[in-house]
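Accompanying notes for the structure given below.
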Amino acid sequence: MKILVVHGPNLNLLGKRDKSIYGNDTLEDINNMLHIRAKELKVELDIFQSNCEGDIIDKLQQAIIGDVYGVIINPGAYTHYSIAIRDAIEVLDIPVIEVHLSNIFKREDFRKQSVTAPVCTGQITGFGVNSYLLALEALMMN
Ligand code: DQA
């Protein structure tokens, strides 16, 4: 069983970005934690990061034909305005969970709206690294 994890723009800079919002962990740390839990759950992870909208869409489209069981996606700032990523999620007929490290509803007004969450199975926001781990658990309960 394979789960696709998609990290959007600027998440490659975790560890350097505002630690009071995003924590101390780097993307590599997060990916390592996910791999450890995935191994325990006996599930395979395909982890992808891109700063480019089109590359994220191409990766999501591969899940249409691939043997992907579910998707965990942190679209980063694209969350708030990318109708193209929303459309790419909407076409998938597998569970998709949107995650955010920070609680987007506690932040600036422009972050309070997610254009992608309404086409996802659910959203987990504000638990730091645990947002990803909770999403993995949620997918495995599905
Ligand atoms: C984020 C929240 C977004 O508003 C922001 O642009 C990010 C990270 C989060 O994980 O909290 O890049 O998706």
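Calculated mean residue ellipticity at 222 nm for the chain: -11500 deg cm²/dmol, from DSSP H runs with n ≥ 4 weighted as -39500 (n - 2.57), summed, divided by the residue count and rounded to 500.
Taking only the Cα atoms of the chain, the radius of gyration and Dmax are 13.8, 40 Å. Packing-based ranking of 59-65, 132-138 yields 132-138, 59-65, ordered from highest to lowest mean Cβ neighbour count within 10 Å.
Using C-alpha pairs below 8 Å separated by at least 6 residues, the relative contact order for the chain is 27 percent.
Across the protein chains, with a 1.4 Å probe defining accessible surface, the residues 100, 35, 80 rank 35, 80, 100 from largest area downward. Whole-Hz Karplus values for segment 18-33 come out as 3, 5, 6, 9, 10, x, 8, 5, 8, 5, 4, 4, 4, 5, 5, 4 Hz, taken residue by residue from phi with 6.51 cos²θ - 1.76 cosθ + 1.60 and θ = phi - 60°; glycine and proline positions read x.
How large is the translational diffusion coefficient of segment 22-89 in µm² per second when you combine the Kirkwood radius over alpha carbon pairs with Stokes-Einstein at 37 °C and 0.692 mPa s?
It comes out at roughly 244 µm²/s.
Heavy-atom accessible area, probed at 1.4 angstrom with all protein chains present, ranks 19, 106, 2 as 106, 19, 2, highest first. What residues of segment 1-44 lie in the reach of a label at residue 81, counting those whose backbone N is under 18 Å from a point 7 Å from the Cα along Cα→Cβ? Under cut-off, by backbone N: 8-11. Charge tally around residue 3: other residues with Cβ under 10 Å, Lys/Arg +1 each, Asp/Glu -1 each, net -1. Look at where the Cα atoms of segment 1-72 and of segment 75-142 average out, and the two centres are 12 Å apart.
The values are calculated or read from the model by the stated rules, or taken from the named source; none is laboratory data. Fair warning: this is a prediction, and the values are worked out from it, not measured in the lab. Note that each Cβ is placed from the backbone with ideal geometry, even for glycine, and that neighbours are counted across all protein chains shown. Heavy atoms of the whole protein, side chains included, go into the accessibility calculation; ligands, DNA and RNA do not. Shrake-Rupley method; radii C 1.70, N 1.55, O 1.52, S 1.80 Å.
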